[in-house]
1. Cα gyration tensor of region 2-132, axes a ≥ b ≥ c as square roots of the eigenvalues: rounded (a/c below 1.5), prolate (a/b > b/c) or oblate?
2. Once the Cβ-Cβ distance between residue 28 and residue 83 is put in as r, and R0 is 35 Å, what FRET efficiency do you end up with, to the nearest 0.05?
3. Highest first, please rank the peptides 91-104, 24-37 by the mean number of other Cβ atoms sitting within 10 Å of their residues.
4. Stretched out fully, how many nm does the piece from residue 103 to residue 40 gain, at 0.36 nm a residue minus the Cα gap?
5. Please state the relative contact order of region 2-132 as a whole percent: Cα pairs under 8 Å, 6+ residues apart?
6. Along the Cα→Cβ direction, 7 angstrom out, place labels at residue 66 and residue 113. What is the inter-label distance in nm?
């Protein structure tokens, strides 16, 4: 992870679109390597698998989300001036608050819940119920419902 973070620091001065592409490429490369290791070697226990998918893997996916959100923010921010820019910032803060308040998995992680780990944080389970209705098709060999 620290090697990837150092690599991402090299992209800070790039223009928004080039930065996003560079960051996403670097993170996807590492995720591909992680996927290969996980699929080849697996885990010795369900607890180890849960630990990986609950703590390690999200650290990489958060970099993908951060890159995407920063790019969208930068592209939207550039066309606004004065009061419009101020309103844009306020709406962005409201968007962030709404996201964290309404994301069930964030609340689950935030409160340190564990009772649904075997359903949400283990590979191979198909999405079920209303909470997972929004999910795209998953690569059940490497992702979990909680991703």
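Every number here is computed from the coordinates shown, using simple stated rules; none is lab data. The structure presented is a predicted model; accordingly, all values stated were derived computationally and were not measured. Neighbour counts run over all protein chains shown; Cβ positions are idealised from the backbone, glycine included.
1. Details: a/c = 2.96, a/b = 1.44, b/c = 2.05.
Since a/c reaches 1.5 but b/c is at least a/b, the shape of region 2-132 is classed as oblate.
2. Numbers: r = 39 Å, r/R0 = 1.11.
Efficiency computed from Cβ-Cβ geometry: 0.35.
3. Working: 91-104: 10.9, 24-37: 13.7.
Put in order of decreasing packing, that is 24-37, 91-104.
4. Working: separation 63, 0.36 × 63 = 22.68 nm, distance 3.20 nm.
Net length gain for the segment: 19.5 nm.
5. Contact order relative to length: 28 percent.
6. That separation, rounded to one decimal, is 2.6 nm.
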